[in-house]
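Since the structure comes first, as structure tokens, the remarks are kept for the end.
The values are calculated or read from the model by the stated rules, or taken from the named source; none is laboratory data. Note that the structure is predicted; figures quoted are calculated from it, not measured. Cβ coordinates were reconstructed from backbone atoms using ideal geometry, including for glycine residues, and neighbour counts include every protein chain displayed. Just so you know, the surface numbers come from the protein's heavy atoms only, side chains and all, with ligands and any DNA or RNA stripped out. Shrake-Rupley method; radii C 1.70, N 1.55, O 1.52, S 1.80 Å.
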Amino acid sequence: MGVRFKIHPDIGLLVVKSGSGEITHEELYKFGKIIRRRADFPDIFYTLIDLRGAIISFEEKVINDFLKLVEDYKNVDNQKAIVYIIDKPSSTAIIHVFIDKVRLNRSYCSTDKKAYDLLGLGISLQEFQELIDI
């Protein structure tokens with residue numbers, strides 16, 4: 001499974017997309033660390049994480065690793081909104097538990113339109129859909 005991303009610095013948007021199939025705790029954690037170590041991470045204010053087609057294959061007990069990652073980088077994290085687009089019930093459950101525990105500016109949905117509404121970027125839906133097509 002591959003994870004790809006694009007940063008749109010003009011509006012402070014990070015778009016992350018996973019391929020379809022299984023995605024492991026290790027893959028997501030490694031990617032989260034790579035992004036947070038980037039020099040431009042403090043300039044990211046909005047994040048869209050598109051997990052449609054992905055099957056998150058880890059248990060609730062490893063969520064603490066992600067909570068620690070968030071905590072470790074809180075001094076350089078300026079994100080106002082993070083939205084996950086999810087289409088699998090098991091992935092939705094894991095993301096729901098994570099969001100409930102982290103209690104920060106995160107939400108999830110299943111469509112581009114809802115993600116657009118939740119992020120509130122001040123651009124048109126069409127512009128948004130073009131930006132997230134990576």
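Quick look at the numbers
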item: Positive-pole candidate from Y73, L121, G19, dipole of the chain, charges at beta carbon; result: Y73
item: Inter-probe distance in nm under a simple model that places probes 7 Å from Cα toward Cβ, at R38 and L125; result: 2.8 nm
item: Mean Cα-pair separation over length for the chain, i.e. relative contact order, pairs under 8 Å, 6 or more apart, %; result: 24 percent
item: Three-way shape label, the stretch 1-52, alpha-carbon gyration tensor, a/c 1.5; result: oblate
item: Nonlocal amide H pairs with I23, under 5 Å, H built at 1.01 Å; result: I55, I56, S57
item: Sequence ranges 66-72, 14-20, 45-51, ranked by mean other-Cβ count within 10 angstrom, highest first; result: 45-51, 14-20, 66-72
item: Descending semi-axes in whole angstrom, ellipsoid equivalent of the chain, from the Cα gyration tensor; result: 21, 18, 14
item: Carbon/sulfur fraction of accessible area - the stretch 32-134, other protein chains in place, 1.4 Å, %; result: 51 percent
item: Solvent-accessible heavy-atom area per residue, rounded to whole Å², over the stretch 76-128 at 1.4 Å; result: 52 Å²
item: Filter on K17/K113; K6/K68; K33/K74; K30/K113; K80/K101 - keep pairs with C-alpha separation over 19 Å; result: K6/K68; K30/K113
item: Gap separating the Cα centres of the stretch 22-50 and the stretch 100-118, nearest whole Å; result: 16 Å
